[in-house]
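As structure tokens, the structure follows; a few thoughts come after it.
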Amino acid sequence: MAKNIWVFCEQRDGELQSVALELLGIARELAEKTGEKVGAILLGHNISAKAGELIAYGADEVHVVDDEKLASFVTEPYTQAVTQIAREYTPSVILFGATSIGRDLAPRLSARLKTGLTADCTKLEMDEEGNLFMTRPAFGGNLFATIICPDHRPQMSTVRPGVMKKLERDDSRAGEVIAENIAWDESKFAVTVLEEVKEVSGVDKIEDAKILVSCGRGVKDVAPARELAGKVGGSLASSRALVDTGVLEHNRQVGQTGKTVRPEAYLAFGISGAIQHLAGMEESEFIVAVNTDKNAPIFKVANLGIVSDAAAVLKNLNKLI
Ligand SMILES: Cc1cc2nc3c(=O)[nH]c(=O)nc-3n(C[C@H](O)[C@H](O)[C@H](O)COP(=O)(O)OP(=O)(O)OC[C@H]3O[C@@H](n4cnc5c(N)ncnc54)[C@H](O)[C@@H]3O)c2cc1C
């Protein structure tokens, strides 16, 4: 019988990705409901030493495949590795980050394991029988659909970075590290990585910022917002309106088709608060909204609302700070 909640723990250049730790956090919560174990899958080359970190963040057992063939992410070897381990241990759930790697790997794996996959989940819950309730935005984000996979195992889901919360690191946690050997079918390896060229992005990662100064269509000049972000040690973010018009880069977009963020403070200037925008920022710890329209939906999620001209408030804040 299928059992245990697994997380595919993504690493890049030997560094565990934050989403992997966030997924271990929600996996722990789900596992507590059914009394199952949390399993982590760690693939790569020279990465075994990272297993302890996964245990500290909530894994009970870590299945490691440390192999030269997994040095760079290539779909086929990664799929073969996870498929073989999943067939052997039959987990009840496997969670993936909705990253470029997770979005490539999870669908292929679900096809090989003949099960379903729910992409971009924003909420995961479990009943005592071990059925996973996977909630995600549907119809352009205007409603939320909860999807179940009652007839097939494992139940599979991807979750975007920033949606779930990681646990506090606890180095006293104990867990088991299991080194797995894979019987590779190299005849299926159609892709070889010859060289990796990294794009250097000029944009700081908005997902990591503690303070975000975010601009919408109501901001006519983003320079004062950029200045404020610099002064408070934060980053500049954006609604889709300013990305679509080419004012700000897509990497700064918050929302359903942008990034999910949960900073300590989210300052929204001239943003109406469309549901697709709220989906990416409503978990922020403290939200300040500045909008000339007192009925703007952003005020429903704001801790502090200022009905005023965004440019005037930005000017005053820059003068004060
Ligand atoms: C499938 C889909 C996915 C989407 N994904 C995203 C997404 O990821 N992120 C996202 O942001 N949107 C997304 N959208 C678009 C979303 O529906 C909204 O159109 C968008 O968020 C609006 O951006 P905005 O709030 O900046 O602009 P508007 O909705 O035009 O709001 C501008 C606001 O500024 C206020 N304002 C005007 N002048 C001033 C002033 N001088 N001072 C202060 N306030 C002022 C206005 O009162 C208004 O509330 C998506 C839409 C769809 C259909």
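Each residue in region 38-94 was checked for being among the charged types (D, E, K, R), open to solvent by less than 40 Å² (accessible area, probe 1.4 Å) and within 21 Å of Gly130 (Cα to Cα), and 2 pass.
Residues in region 194-214 that are open to solvent by less than 10 Å² (accessible area, probe 1.4 Å) and touching a residue at least 60 places away in the same chain (Cβ under 8 Å) were compared, and the one that is farthest from the ligand (Cβ to nearest atom) is Leu212.
Take Leu124 and tell me if it is closer than 14 Å to Leu23 by Cβ and either in contact (Cβ under 8 Å) with a residue 24 or more places away in the chain or open to solvent by 10 Å² or more (accessible area, probe 1.4 Å) (or both). Judged against the criteria, Leu124 is a match. Taking the criterion of being of a type in the set (Phe, Trp, Tyr) and either within 14 Å of Pro263 (Cα to Cα) or in contact (Cβ under 8 Å) with a residue 60 or more places away in the chain (or both), the only residue of region 273-304 that qualifies is Phe286.
Residue count for region 142-180, restricted to those that are surrounded by 10 or more Cβ atoms within 10 Å (Cβ to Cβ) and in a loop (DSSP other than H, G, I, E, B): 20.
For region 125-138, filtering for residues that are closer than 16 Å to Pro150 by Cα and in contact with a strand residue (DSSP E or B) (Cβ under 6 Å, 6 or more places away or on another chain) leaves 6. If you filter region 223-235 down to residues that are open to solvent by less than 20 Å² (accessible area, probe 1.4 Å) and more than 13 Å from Glu264 (Cβ to Cβ), you find that the one that is farthest from the ligand (Cβ to nearest atom) is Ala229. Selection of first residues in region 238-259 that are assigned by TED's automatic domain parsing to the domain that holds Ala310 and farther than 16 Å from Gly270 by Cα and of second residues that are among the acidic types (Asp, Glu) and buried (at least 17 other Cβ atoms within 10 Å of the Cβ), restricted to Cβ pairs under 7 Å at least 6 apart or on distinct chains, gives the following pairs, ordered by first then second residue: Lys259/Glu207. Looking only at residues of region 236-281 that are within 15 Å of the chain's Cα centre (by Cα) and open to solvent by 20 Å² or more (accessible area, probe 1.4 Å), we find that the one that is farthest from the ligand (Cβ to nearest atom) is Arg262. Would you check if there is a residue in region 215-236 being under 19 Å from Val163 (Cα atoms), charged (D, E, K, R) and touching a residue at least 60 places away in the same chain (Cβ under 8 Å)? No, every residue in region 215-236 fails to be under 19 Å from Val163 (Cα atoms), charged (D, E, K, R) and touching a residue at least 60 places away in the same chain (Cβ under 8 Å). So for region 97-119 (the condition being closer than 18 Å to Arg28 by Cβ, aliphatic (A, V, I, L, M) and in contact (Cβ under 8 Å) with a residue 24 or more places away in the chain), does at least one residue qualify? No; the residues of region 97-119 include none that is closer than 18 Å to Arg28 by Cβ, aliphatic (A, V, I, L, M) and in contact (Cβ under 8 Å) with a residue 24 or more places away in the chain. Of the strands (runs of 3 or more DSSP E) that lie entirely inside region 1-103, those containing 3 or more residues that are within 24 Å of Ile148 (Cβ to Cβ) span 5-8, 38-44, 93-97. Inspection of region 290-313 identifies no residue that is under 30 Å from Val159 (Cβ atoms), away from the ligand (no atom under 13 Å from the Cβ), among the charged types (D, E, K, R) and at pLDDT 95 or above.
The values are calculated or read from the model by the stated rules, or taken from the named source; none is laboratory data. Only a predicted model underlies this, so the values are computations on that prediction, with no experimental measurement involved. Quick reminder, even Gly has a Cβ in these numbers, built from the backbone with ideal geometry, and neighbours come from all protein chains shown. For accessibility, only protein heavy atoms count, side chains too; no ligands or nucleic acids. Shrake-Rupley method; radii C 1.70, N 1.55, O 1.52, S 1.80 Å.
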